[in-house]
Amino acid sequence: MAYDKNNIFAKILRGEIPCKKIYENDFVLSFHDINPQKKIHALVIPKGSYVNLDDFIQNAKEKEITEFFKAISHVAKLLEVSNAEGGYRALSNIGKNGGQEVPHLHFHIFGGEKVGKMVSN
Ligand code: AMP
């Protein structure tokens, strides 16, 4: 699947649409989900143009991959939901069957309360 430069997260990265920023560095941006499903619901996205996790792992540089996964854990600490603080769920939807709506790789961070069953219909 080709990357769609006009997806909503690409627009956020270009500053065309605002976001409630949590954290940013050269490799990633994290912001609050616009439609939170739990008390805390954040998103972490790479700055590079990757459709999903498969695209990212196949095409990103090692540094981008390392920095991305480090950022997920860092954002969990910033939001005070790390393992030491109650825990959280990090989740990425991939493709049609995975329920992915925005075609730019993102991990959700859910926390601040019990997240519930792992999979629902
Ligand atoms: P997914 O179904 O995994 O692709 O999740 C996409 C997520 O992006 C959903 O949880 C949406 O609520 C969220 N979302 C869509 N547009 C925005 C936006 N402008 N700012 C923040 N979150 C958004």
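Listed values, structure above:
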read-out: Accessible surface of the chain [probe 1.4 Å, protein heavy atoms]: carbon and sulfur percent; value: 50 percent
read-out: Solvent-accessible area per residue, Å², over the chain with all protein chains present [probe radius 1.4 Å]; value: 63 Å²
read-out: Across LYS5/LYS96; LYS39/LYS114; LYS77/LYS117, pairs whose alpha-carbon gap is larger than 21 Å; value: LYS77/LYS117
read-out: Vicinal HN-Hα couplings computed from phi for the stretch 86-96 (Karplus, 6.51 cos²θ - 1.76 cosθ + 1.60; Hz; Gly/Pro x); value: x, x, 7, 10, 10, 8, 10, 8, 10, x, 4
read-out: Residues with amide H under 5 Å from that of LEU29, placed H, sequence gap 5 or more; value: ILE45, LYS47
read-out: Stretchable slack from LYS21 to VAL119, in nm (0.36 nm times residue separation minus alpha-carbon distance); value: 32.5 nm
read-out: Dipole of the chain, positive direction: furthest Cα of SER82, PRO46, PHE107, with charges on the beta-carbon; value: SER82
read-out: Pairwise Cα inverse-distance average, inverted: Kirkwood Rh of the stretch 8-111 (Å); value: 13.8 Å
read-out: Note, ³J(HN,Hα) from phi for the stretch 46-62, Karplus 6.51, -1.76, 1.60, rounded to Hz, x at Gly and Pro; value: x, 6, x, 8, 10, 5, 7, 4, 4, 4, 4, 5, 6, 10, 7, 6, 3
read-out: Cβ-based net charge around GLU113, under 9 Å, with every Lys or Arg adding one and every Asp or Glu removing one; value: +3
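The values are calculated or read from the model by the stated rules, or taken from the named source; none is laboratory data. Since the model is a prediction, treat every value here as computed from it, not as a measurement. Here Cβ is always computed from backbone atoms with ideal geometry, including for glycine, and neighbour counts include all displayed protein chains. Quick note on the areas: whole protein, heavy atoms, side chains included, nothing else; ligands and nucleic acids left out. Shrake-Rupley method; radii C 1.70, N 1.55, O 1.52, S 1.80 Å.
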